[in-house]
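Shown next, in structure tokens, is the structure this report addresses.
The values are calculated or read from the model by the stated rules, or taken from the named source; none is laboratory data. Quick caveat: nothing in here was measured; it's all calculated off a predicted structure. When we count neighbours, we look across all protein chains shown, and the Cβ atoms used for this are built from the backbone with ideal geometry, even at glycine. Keep in mind that these areas ignore ligands, DNA and RNA; they rest on the heavy atoms of the full protein, side chains included. Shrake-Rupley method; radii C 1.70, N 1.55, O 1.52, S 1.80 Å.
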Amino acid sequence: MRHNLPRLAALSLVASAIAACGTMQVNDTNAAVDANPLCTSQPNRPGEPVAAECERKTESTWSSDDSKSSEPIDFGKKH
């Protein structure tokens, strides 16, 4: 057990660093469907067609785009 502690600490540091490199965005249409009065009379049986604006969807996207960096780092530049 004692030998696993450094390995566990290293893995948690790596996981934290990877998690900081990107963002996850979740899109959920349930609230919009509930607020739309036209969606109250939609069919609720499986297999029946539903209007596109009344479809309930939960989607997530992962973005690792680093648009926050202002300029690339030049490692060959001497200070």
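Some values worked out for this structure:
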quantity: Neighbours by Cβ (under 8 Å, 6+ apart or cross-chain): first from the range 47-66, among the aromatic types (Phe, Trp, Tyr); second open to solvent by less than 90 Å² (accessible area, probe 1.4 Å); calculated: Trp62/Gly22; Trp62/Thr23
quantity: Top-ranked residue in the range 11-53 [being among the β-branched types (Val, Ile, Thr) and not in a helix (DSSP H, G or I); ranked as modelled with the highest pLDDT]; calculated: Thr29
